[in-house]
Structures are given as structure tokens and as C-alpha cells.
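A.B. asks: Quick one: the structure is below, and I'll ask about it shortly.
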Amino acid sequence: MNNRTWMSRSLAGTAVMMLGLTLAGCGGGGGDASSRPENELHVAVYGDASNKVEEAMVAKFNETSDVKVVLDTIPGADYQTKLQTIIDTDSAPDVFFNWGGGSIANFVKADLLLPLDDFIEEDPQLKDAFLPSVFETAQIDGKSYGVPMRGTQPVMLFNNSEVLKQAGIDAPPATWDELLEDVEKLKAAGVTPIALGGADQWPTQMWFQYVFDRVAGESLFQAALDGDTEVWDSEESREALGKLRELIDAGAFGTNFDSVKFTDGGSPTLLSSGRAGFELMGSWAYATHLDANPEFAENVLSYSEFPEIEGGKGDPHNLAGNTNNFYSVHKDTRYPEEAAEFLKLMYSDEFVQEQIAIGNLPTTTNTEEFLDEASNPEYAKYQFDLVKNAPHFQLSWDQAYPPEATVTIHTAVSQFFSGQIDEDGFIKAMQSL
Amino acid sequence: MTTLATRRQAGPGGSTTSRPARPGTSSVGRPGFAWALPATIFFALFALVPLAAVAVLSFTSWSGLGDPEFVGLENWETLIADPVMLKSLWLSLLFIVLGVVTQTPLSILLGVWAAGHQRNRAVLSAIYFIPLLLSSAAISVLWRALLDPNFGLPGQLPWLFGDGNLLGTQAGAIGVLIFVGMWQFTPFHTLIYQGAAKGIPPVLYQAASIDGAGMMRQFFSITLPQLRNTAITSIILMVVGGLTTFETVLILTNGGPGTDTTITAFYMYQEAFQSFDFGVGSAIALVLVVVATLISLVVVKVSGYDKMNSSLEGL
């Protein structure tokens, strides 16, 4: 046997052996509680500016508890990927941040989460202290899997009040027809009527969420989510797509929105620099503007509900967006009692005050008492009332569906806006989910 | 990570150990198999084993939760019927061709120039090499900001860029990616050509001068032929680099508009880590491996690289 054959044979042998080991490793899956660290409760959160409140809560909890909470912050953009990679292993967190709905549906299906109903039975406040429209988002098959943390983020129609005034618009549009009229006025005034960060794709999706809800009511999307894909081909669905096409064809978003992002400051700067009149965006837009241009955020930035569509079935006070973030508990946690104690902090006065201080809007029933402490009480109260009075709060489509649907949804909405696909193409794409 | 690993494998160093000694040269003192052992073990551990695991995964359905479930050829059937997959292969091919066509002439010229003895050569070369020191992610974020349609270059130069919707059209987005790739990788290939051009024996030029050959004639008749092997190495690196381009696409275009810049490597990431379909993702990865290997083989065969033993053509 010469060197070469010997080498290739032994290599093949090693490869086969290693392969066996690798597969055994990845097939192993989650262990039982005893393989987890002792006296530590790992809490995984989305890493961003809100972490300081979570750190404060953890410090408070650790003062009195023998089991210490360890906060693992995962950089935002990688959060869902990292979570999905570790959740079925021994390094899974005990308690973790999520968006409710589709973001945890697969975990529930894989039997990885602890239903919180026993906790709630012992301490009903874990459910009753939160606004129902928000709490429902993390209920799956009648069981509760998440306790709200951080704040609610409804999507609103922001505007630059000075630009509107110059274009002769007195009040934000209350109806779709008024919006179309405003688009014409803003075009005549030489500005882009509506700023859109189309390259991010999810800002485009916000337009679909609202127009579908206003035209068809919340039931259409719910039916689609439950598996009845025929609803995408319904008359109402086509009507909603027609409305969107009407707005796009009117030039409402200009021509280069596909090159603009919200996340790198592109579209918010269009609004704040007076080169656009409106932007449909989540409530965090206020914080974005406050950070980049405080003078604009405090004096010029204004906001309103998404306009009503005449003859539509949806309630004009329905909301869409991120209902809230949630903490869910891993089934294999070693310390369920301690996890429950930790979750109880999420409706404490101190938690609510800390969240409000950094600009988040918690959804506990006692939030209202503290709204005066917000940096902009008027904005905080407006939002809170929107959420409290909303008959339905539609979770963002890409979060209502499980993560594997995101690419399809994002591609479909952006291709529809850029004209690459028509109504039929969009319907076909959504039916493939 | 993939890019680096693949580039290393594709380098010319890997094949030298198995090449039989040239007739007439003594094999005493030449490195034996033991010398290659550490590299072989690492290569097996970090390239062959994962490759085998990916091959197995491509026949399973796995979302990262629970155990992979064997599904036979289902993933492959999905891929064959998937229009995005086919489109991504064409796009990858287009990226490779455009990348080679734009980067090769530029880096040969720069490399040959940088190998000379002109004044200020060292300073200017150092400046040209700066993009080489930046990470792909930093470069992509930089160009993304520079090309913002309203507040970047296009906003200032409307006569050149129109409404600035560069990344919103297929031609514009591909153009931007090719340009940024050129800006980023030309310095690297320039460095390779510079080294090779410096290695050309001066005696060739001296002889040519005596025969009355001018600068152009010397360039085409001596420099270019002498750079042949280097060009093949460089082109293979470009091909493999082009096939595995990922960060720039992710940050600059995210595969868009629509799927118009979804090249195969990016599509693999989308399927595996955004859609959590590791089965289909693994199948795409295997396609990439096969395509990259085939292209490398074709380049090597066509160029006659495998028959050359001397690194200096004709000497």
C-alpha cells in the first residue's frame, strides 16, 4: 500500500468516525434539569438600550435570592438565530425574551416551554396586571407561555407638522381618501409625500398590515395564520391590494424607496429634514428622532392613527405592531419557583417606573399612574390610550408567523411595492406559507 | 469564515505535497507525508467532517429543534423546482465573470506598476492597499452610507445617478456589488501580481532592451506571459471568493430588490439561518461545493496549470 492510498483510506475512516460523533452530538438535544448550572437562573435578553432596566431588575432579585439570576444579553440582530440554535441544548436559557406569537410557536410545538398557567393560578396578578389585548399574544392553544416585559410598540402615522402646514394640510388624514388628497398636496409642494425605508422590508410590511386590517378586519389574517390560505385570494384581499397599488401609483413613496433604510437613519432623516411629509413607523420612531434631532422630536414631530378606509370591515381603532416583548420559561429549568418569582417583578411599580424613564411603555394596568413621569407624558398617554382602547392589536405579520416565513413575507411585500409582482404574484407568495 | 477557509484550501500550496518529485531531482530532504500531517488533520476536522455532516443533513428536515428527520430526496426535489435557486446560480456566475473581468486587468496593471522603481511608489502602494485592511462588514456599511439616495453621493450628483435608486434596481444593485467588490479585492490581487512581477528575472528585460523592444512590447511579451501562473492562482481565488461572497450582499442589498441579488451563498444563509431550514440550506451548500470544485477544475485544465512544474514560464 503506497502512501497515497493509505492516506485517503485513513482520512475516509476518520471522516466517517467523526461524522458519527457529530451526529450523535447534534441529535442529543436538551437534557434534564440536573445538567444545568446550579444556583443560577439564566435569563437571555435582546441586547440593546433597554438592558439597563433588566440589569436593575436582576440586581434587585439577586439581593434576596439564593439562586442568582445571570443576565445573558445577545446582540439584537442575531437574537432569534442564536436562540433557535441553543434552545434545544444544555446551554438553553431558563427564561428568555421573545415577541410572543410565531416567535415561540415552534418552541411550543417542540415541547420546550413551560405553560405558565400554574404560576398564574398561584398569583393571578401574573395575568390580570397586564392589558388583555397584549397578554393574548403569548397564548397558544389556550395556554399562557409568556409574561409581558419591556414596552408596547404600536405603529402610527408620524408626520412633519411644518411640512404639512406648508403644503396646506391642517390635520393628519382621518380617512384613506384624505390621505390620497394629502399625497397630491405634498407632491405639489415638492416633497416626497411618505418616507419609506423599503430596503429594510419590514417598514413596507407595515402598510399591508394596516390596509388589510382596515379593509377586511382582523379575521382575514387570523384565518390565513390558522391555515386557510384561500383568504388571500378573497375579494377583500384583492381590494386591499388594490388600495395599496393606488397609493403606490399615486407616487406617495417617491421612486427610490427601495434604496432607503430606516435602520441607518435614511427614512427618519427624510422626515426630520422636511423632505417628506409622513412616515408609518413603530412608536420607537420618537426615540429615534429624539436621539438624532431632539429639537425636531419635541416641536415638529406629530403623529396620528392609521386612517379609516371607507366601507372597510376593520375597526378604525385597531392597531398593528409589536404588542409587547415577553419572557417565556424553558421547560427544563432547574428552578421554576425562582423563575416565577422573577416574573412577578414585571408588574412591580419599580419596573414600570424604570421602563417609562427610558422611554418604553409597559402594558401593566398600573402603567397609567406613572405616565406623568415619562419624558414626553403627552406622547406616552396618547400611545397608552391607543393600546388600551384598541379592539384588536395585530402582531406584526413577520412575528405572527413562525420565523421561517419571514423571508417569504418580506420578499413579497417589497416586490409588490416595487412592481416586480402584481396582485396575483403576492397572493401566490402568501399562499405558499 | 467560509470565505477564508475556502480560500485557504484553494491556494496552490495544498497540491504540492502529493505531486511526485520531478524526474532528475533528488527526493532527499523533500518534505514527506509527516510534514503534511498537522494540516491534513485540521483540514479533515474543520473541512471534510463538516462537509460530510452537511451532506447527511441535506437529506433531512431540521429546524435546529429536536432531531433531524430523514426525508430522502425531498430537499433536492424542492431545490430543483425552485426558481430562486436557479436564478441564484446564474447570478453567482454573473458575479464571478464580472468580478474577474473588472479586477484582473486593474490588479495586473497596478501590480506591475507597484513592482517597479518609480518615485513615491511605496507611498502610493500603501494607500492603494488600505481597503485590504478593512473588514467586509465595515466596507459594506461604509458604501451603504455613501450611496444613500437622499443624503449620500447620488443625492449630490443627480446628473449621474438620477433619482439615486441604485440599490432598488437589479442592474444598479449588481453594479454596486461588483464595484464594491472591486474596490475591496483589487488590492489583494495587486499584491499577488506585485510579488510575481518582482520575481521576473531582470535578465529577460535586459535582453529585450538590447533587441530593441519598447516598454509596451516588453509588457506584452515578457511580463504578461511570466504572470500566467499567478493570473491562474488569482483568478481561482476570485472565482471561489465570488462564489462565497456573502457579507457585502447581506449588508448592501439583503439579496434585493426582491431576489435580484440573491446569489447562491446568500440564499444558503437565508434558507438555513433565516428560514431555519437546515436541510435545504445544506443542500445548497453542497451545490456550492460541487460548483466551486468544477469551476476550479475547469480553470486548471483549460489553463494547463496542472502540467506546469516551474513557476517561471519558459525558464
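A.B. asks: Which of B:Pro31, B:Pro83, B:Pro257 moves most in a GNM of chain B, Cα contacts under 10 Å?
C.D. replies: For chain B, modelled as a Gaussian network with Cα springs under 10 Å, the answer is B:Pro31.
A.B. asks: Using just the helices of the protein assembly as shown, give the 222 nm mean residue ellipticity in deg cm²/dmol: DSSP H runs with n ≥ 4 each add -39,500 (n - 2.57), and the total is spread over all residues, rounded to 500.
C.D. replies: Here the helix-only value at 222 nm equals -16000 deg cm²/dmol.
A.B. asks: Please work out whether region B:176-269 counts as rounded, prolate or oblate from its C-alpha gyration tensor, where a ≥ b ≥ c are the square roots of the eigenvalues and a/c under 1.5 means rounded, while otherwise a/b larger than b/c means prolate and anything else oblate?
C.D. replies: prolate
A.B. asks: Across peptide B:37-45, how many C-beta atoms of other chains are within 10 Å of each residue C-beta, on average?
C.D. replies: Neighbouring Cβ atoms belonging to other protein chains average 2 per residue here.
A.B. asks: Here is a further query. For region B:190-223 and region B:244-267, what is the centre-to-centre distance using only Cα atoms, to the nearest Å?
C.D. replies: First find each Cα centre; the distance between them is then 40 Å.
A.B. asks: List, in order, the whole-Hz ³J(HN,Hα) value for each residue of region B:113-120 obtained from phi through the Karplus relation with A = 6.51, B = -1.76, C = 1.60 and θ = phi - 60°; use x for Gly and Pro.
C.D. replies: 4, 5, 7, x, 10, 5, 5, 6
A.B. asks: Now, a different point. If I take every Cα pair under 8 Å that is 6 or more residues apart in chain B, average their sequence separation and divide by the length, what percent do I get for the relative contact order?
C.D. replies: 28 percent
A.B. asks: For peptide A:253-266, compute the average count of partner chain beta-carbon atoms within 10 Å of each residue's beta-carbon.
C.D. replies: Per residue, the average neighbour count from other chains is 6.
A.B. asks: Where both residues lie in the protein assembly as shown, what percent of DSSP beta bridges are antiparallel, nearest 5?
C.D. replies: 60 percent
A.B. asks: Enter the mean projected area of the convex hull around the alpha-carbon atoms of chain A, in nm², rounded to one decimal.
C.D. replies: Spelled out: convex hull of the Cα atoms, projected over all directions, averaged, 25.6 nm².
A.B. asks: Evaluated at 37 °C with a viscosity of 0.692 mPa s, what Stokes-Einstein diffusion coefficient in µm²/s does region A:91-192 have when Rh comes from the Kirkwood expression over alpha-carbon pairs?
C.D. replies: Rounded to a whole number, D works out at 189 µm²/s.
A.B. asks: If you plug each phi of region B:129-137 into the Karplus form 6.51 cos²θ - 1.76 cosθ + 1.60 with θ = phi - 60°, what whole-Hz ³J(HN,Hα) values come out, in order, with x for Gly and Pro?
C.D. replies: 7, 4, x, 5, 8, 8, 6, 4, 5
A.B. asks: Please report the Cα spread of region A:168-220 along all three principal axes, rounded to whole Å, starting with the longest.
C.D. replies: 38, 27, 13
A.B. asks: Between region A:251-291 and region A:320-385, what is the C-alpha centre distance in whole Å?
C.D. replies: So the two Cα centres are separated by 28 Å.
A.B. asks: Something else: Using DSSP, restrict attention to beta bridges with both residues in chain A and report what percent are antiparallel, rounded to the nearest 5.
C.D. replies: Around 60 percent of the beta bridges assigned by DSSP in chain A are antiparallel ones.
A.B. asks: Take region A:137-270, compute every pairwise Cα distance, and split them into 10 Å bins from 0; I just need the percent in each bin.
C.D. replies: With a bin width of 10 Å, the distribution comes to 10, 33, 34, 18, 5, 0.
A.B. asks: Still on this structure, I have one more. Is region A:192-344 rounded, prolate or oblate when judged by the Cα gyration tensor, a ≥ b ≥ c being the square roots of its eigenvalues, rounded requiring a/c under 1.5 and prolate requiring a/b larger than b/c?
C.D. replies: The shape class here is oblate.
A.B. asks: In addition: Can you list the lysines whose alpha carbon is less than 19 Å from that of A:Lys127, not counting same-chain residues fewer than 8 positions off?
C.D. replies: Within the straight-line cut-off, A:Lys127 pairs with A:Lys143, A:Lys344, A:Lys388.
A.B. asks: Something else: Please list 3J(HN,Hα) in residue order for region A:268-276, calculated via the Karplus relation 6.51 cos²θ - 1.76 cosθ + 1.60 where θ = phi - 60°; whole Hz, with x for glycine and proline.
C.D. replies: With coefficients 6.51, -1.76 and 1.60, one gets x, 5, 4, 5, 6, 8, x, 9, 9 Hz.
A.B. asks: Taking the Cα centre of each part, how many Å lie between region A:391-427 and region A:52-91?
C.D. replies: 31 Å
A.B. asks: Under the rule a/c < 1.5 gives rounded, and otherwise a/b versus b/c splits prolate from oblate, where does region A:305-422 land using the Cα gyration tensor?
C.D. replies: Note, shape of region A:305-422 comes out oblate.
A.B. asks: Then there's this: Quote the charge dipole size of chain B about the Cα centre in Debye, to the nearest 20; the model charges only the Cβ of Lys and Arg (+1) and of Asp and Glu (-1).
C.D. replies: 1600 debye
A.B. asks: Pick out which of A:Asn299, A:Asn322, A:Asn366 has the largest mean-square fluctuation in a Gaussian network model of chain A, springs linking Cα atoms closer than 10 Å.
C.D. replies: A:Asn299
A.B. asks: Right, another one. Leaving out ligands, DNA and RNA, and with a 1.4 Å probe, what % of the accessible surface on chain A is carbon or sulfur?
C.D. replies: Within chain A, the accessible surface is 49 percent carbon and sulfur.
A.B. asks: Still on this structure, please answer the following. Take every Cα-Cα distance within region A:253-318, group them into 5 Å bins from 0 onward, and report for each bin the whole-number percent of pairs it holds.
C.D. replies: Answer for region A:253-318: a P(r) of 3, 15, 25, 21, 14, 13, 8, 2 percent.
A.B. asks: Now for a different question. Is any helix in chain A, taking whole DSSP H runs, at least 20 angstrom long along its axis by alpha carbon and on average at least -0.5 on the Kyte-Doolittle scale, and which ones?
C.D. replies: A:3-27, A:202-216
A.B. asks: I would also like to ask the following. Treating each Cα of the protein assembly as shown as an identical point scatterer and ignoring solvent, apply the Debye formula and state log10 I(q)/I(0) at q = 0.06 Å⁻¹.
C.D. replies: -0.46
A.B. asks: Can you give the accessible area buried between chains B and A, summed over both chains, with a 1.4 Å probe, in Å² to the nearest 100?
C.D. replies: The B and A chains share an interface burying roughly 3400 Å².
A.B. asks: Among A:371-383, B:181-193, what's the highest-first ranking by average C-beta atoms within 10 angstrom per residue?
C.D. replies: In descending order of packing, they fall as B:181-193, A:371-383.
A.B. asks: Something else now. At 1.002 mPa s and 20 °C, plugging the Kirkwood radius over alpha-carbon pairs of chain B into Stokes-Einstein gives what diffusion coefficient in µm²/s?
C.D. replies: Rounded to a whole number, D works out at 97 µm²/s.
A.B. asks: Under a 10 Å cutoff between Cα atoms, tell me which one of A:Asp182, A:Asp141, A:Asp48 has the largest fluctuation in the Gaussian network model of chain A.
C.D. replies: A:Asp141
A.B. asks: So, one more: Let me confirm one metric for peptide A:396-406, namely the mean number of other chain beta-carbon atoms within 10 Å of its residues' beta-carbons.
C.D. replies: Partner-chain Cβ atoms within 10 Å, mean over residues of A:396-406: 2.
A.B. asks: Right, something else. Scan around A:Met149 for amide H atoms under 5 Å from its own, H built in the peptide plane at 1.01 Å from N, and keep only partners 5 or more places away or cross-chain.
C.D. replies: A:Asn325, A:Phe326, A:Tyr327
The values are calculated or read from the model by the stated rules, or taken from the named source; none is laboratory data. These figures come from a predicted structure and were not determined experimentally. Note that we place each Cβ from the backbone using ideal geometry, even for glycine, and neighbour counts take in every protein chain shown. These accessible areas exclude ligands, DNA and RNA; they are computed on the full protein's heavy atoms, side chains included. Shrake-Rupley method; radii C 1.70, N 1.55, O 1.52, S 1.80 Å.
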